[in-house]
Amino acid sequence: MKAVLLVGGEGTRLRPLTCNTVKAMVPIVNRPFLQHLLGYLKSHGVDDIVVTLCYLPDRIENRFGNGSECGVKLAYVMEETPLGTAGAVKNAESHLDGAFFVFNGDIITNIDLQSMLSFHRKRNAVATIALTPVENPSAYGVVETASDGRVKRFIEKPPADQAPSNLINAGIYILEPTVLQGIPHGSHCMFERQLFPSLLSDGAAVFAYSTSDYWIDMGTPEKYRQVQYDLLQRKCASLLYTETAAANTVAAHGTVVHQSAVLEGPIVFGNNCSIGAGARIKGPTVLGDGCSVSDGSILDKAILWQNVRVGKEASVRESVIGDNCVVGRSSVIEPGSVVGDNVVITEGSHLQTGQRVWPDTTV
Ligand code: GDD
Ligand code: MG
């Protein structure tokens, strides 16, 4: 079965984490997001995949090549300028024959794709949209359905008081190739604001497949942390992390933990990390390769990328720290902070709740 992946967006809401990398390549428990998505797709029988690229395209193609490492077949299509979600799929049309899946490139889920496919076929739908319930529908595309599952209305990001339901577009579709006919080649077009509303006004058979399976859009710093907490706490299954089920702490090659350090899992360490005397690490926490946590420091629900050095007596709580950062001695990083790559946080600094620090700066 084929799928088209939408990974062309700049991931602006994840900045500064996406200043130097594309959203689909940000690490989720030390592996690129896309590796998780490809593993999931393959396990659901979707292994012939077209990747639509725009922002920083080389990063993805250089890393995943023809897909053989992940057991899938990958093809790439490029957009010179962003074509929008539907325009990007139109751009991949020559790779498509029968019904195919479309995936937003920031979704981690356990939705059963074969069951969605049989739903689509039973109803002779031209488009089936997966729906998932959320607390704050106004940040998403809200979908109103009839009792037989037909989609009645599609409203992208309605104001909070105007969302007709809390069921939202999960960013996963099954489409018949005919729905692409109305999109002019090379023009900007969005499923959410143009194609779906126009199919509905034409009376096309657009159905909703509702599910309460695990689902998250990791495209904000809060959700980016949350999905990793969920993976470590086994709220979401990932084929890449079966080992955390058995052991609460997973240490990769070369990691050294001082005997007086206190570890409260679940914690995943990358390769060659070092944890100093009296340091305390409270999970769910992830450390990338080459991180060091000096004596007496605290990590509490922290996500550290690679080569982060945390000085003595510092604390990092519920925050994300990018590659090659230095957290100075006795610094305090308050919850919700997001620090880009190559940042130096000087000794005794205090990052306020929700502070974002741009790459290559000193604070
Ligand atoms: N190739 C390509 N070209 N990809 C694009 C483009 C483009 O011009 N624009 C966006 N994308 C990709 C992004 O990289 C992302 O993976 C996906 O399309 C969705 O874009 P987001 O920017 O993450 O959209 P959103 O999260 O605000 O809203 C979308 O997802 C929600 C579910 O998470 C919408 O589809 C909503 O309706 C939906 O509820
Ligand atoms: Mg998104």
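The values are calculated or read from the model by the stated rules, or taken from the named source; none is laboratory data. The structure presented is a predicted model; accordingly, all values stated were derived computationally and were not measured. Ideal geometry is used to build each Cβ from the backbone, glycine not excepted, and the neighbour counts take in all protein chains shown.
Within region 1-34, restricting attention to residues that are surrounded by 21 or more Cβ atoms within 10 Å (Cβ to Cβ) and hydroxyl-bearing (Ser, Thr, Tyr), the residue that is nearest to ligand 1 (Cβ to nearest atom) is THR18. Screening LEU37 with (1) away from ligand 2 (no atom under 16 Å from the Cβ); (2) buried (at least 21 other Cβ atoms within 10 Å of the Cβ) gives one miss only, at (1). When region 215-236 is limited to residues that are more than 16 Å from ligand 2 (Cβ to nearest atom) and in contact (Cβ under 8 Å) with a residue 12 or more places away in the chain, the one that is nearest to GLY11 (Cα to Cα) turns out to be GLN228. Name the single residue that is nearest to ligand 1 (Cβ to nearest atom) among those in region 35-58 being part of a helix (DSSP H, G or I) and either under 17 Å from GLY322 (Cα atoms) or among the hydrophobic types (A, V, I, L, M, F, W, C) (or both). By that ranking, first place goes to LEU37. Restricting attention to region 249-280, the residues that are among the aliphatic types (A, V, I, L, M), modelled with pLDDT of 95 or more and in a loop (DSSP other than H, G, I, E, B) total 3. Looking only at region 197-214, decide whether some residue is in the same structural domain as VAL7 (by TED's automatic domain parsing) and at positive phi. The answer is yes, given that some residue of region 197-214 is in the same structural domain as VAL7 (by TED's automatic domain parsing) and at positive phi. Taking the listed residues SER165, SER147, SER187, the one that is in contact with a Leu (Cβ under 8 Å, 6 or more places away or on another chain) and at pLDDT below 95 is SER187, with no other qualifying.
Just one residue in the set PHE119, PHE64, PHE103 is touching a residue at least 40 places away in the same chain (Cβ under 8 Å), within 18 Å of MET25 (Cα to Cα) and surrounded by 19 or more Cβ atoms within 10 Å (Cβ to Cβ); that residue is PHE103.
So, ILE183, is that one assigned to a loop (DSSP other than H, G, I, E, B), touching a helix residue (DSSP H, G or I) at 6+ places or on another chain (Cβ under 7 Å) and assigned by TED's automatic domain parsing to the domain that holds LYS223 or not? Yes; evaluated as a whole, the condition is true for this residue.
Scanning region 199-246 for residues that are more than 15 Å from the chain's Cα centre (by Cα), modelled with pLDDT of 95 or more and part of a helix (DSSP H, G or I) yields a total of 3. Among the numbered conditions (1) within 13 Å of ligand 1 (Cβ to nearest atom); (2) at pLDDT below 95, the only one that CYS70 does not meet is (1). One residue stands out in region 144-174 among those that are more than 22 Å from the chain's Cα centre (by Cα) and in a strand (DSSP E or B): the one that is farthest from ligand 2 (Cβ to nearest atom), namely ARG150. The C-beta contact set for region 130-146 (first residue free of Cβ contacts under 8 Å to residues at least 12 places away in the same chain and in the same structural domain as SER115 (by TED's automatic domain parsing), second residue of a type outside the set (A, V, I, L, M, F, W, C) and away from ligand 1 (no atom under 11 Å from the Cβ), distance under 8 angstrom, 6+ apart or interchain) comprises ALA146/LYS152. Look at region 1-30: where a residue is closer than 26 Å to PHE269 by Cβ and of a type in the set (A, V, I, L, M, F, W, C) and a partner is assigned to a strand (DSSP E or B) and within 11 Å of ligand 1 (Cβ to nearest atom), sitting 6+ places away or on another chain with Cβ atoms under 8 Å, you get ALA24/LEU5; ILE28/ILE108. Taking ILE303 as meeting all but one of (1) free of Cβ contacts under 8 Å to residues at least 24 places away in the same chain; (2) in contact with a Lys or Arg (Cβ under 7 Å, 6 or more places away or on another chain), write down the number of the exception. Only one criterion is unmet by ILE303, namely (1).
Filtering region 267-281 to residues that are crowded, with 24+ Cβ neighbours inside 10 Å and not hydrophobic (A, V, I, L, M, F, W, C) leaves only GLY270.
Any residue at all in region 47-62 that is among the basic types (Lys, Arg) and within 17 Å of LYS2 (Cα to Cα)? Show your work before the answer.
From region 47-62, those among the basic types (Lys, Arg) are 59; that's our starting set.
From the residues that got through so far, the ones that are within 17 Å of LYS2 (Cα to Cα) too are none.
No.
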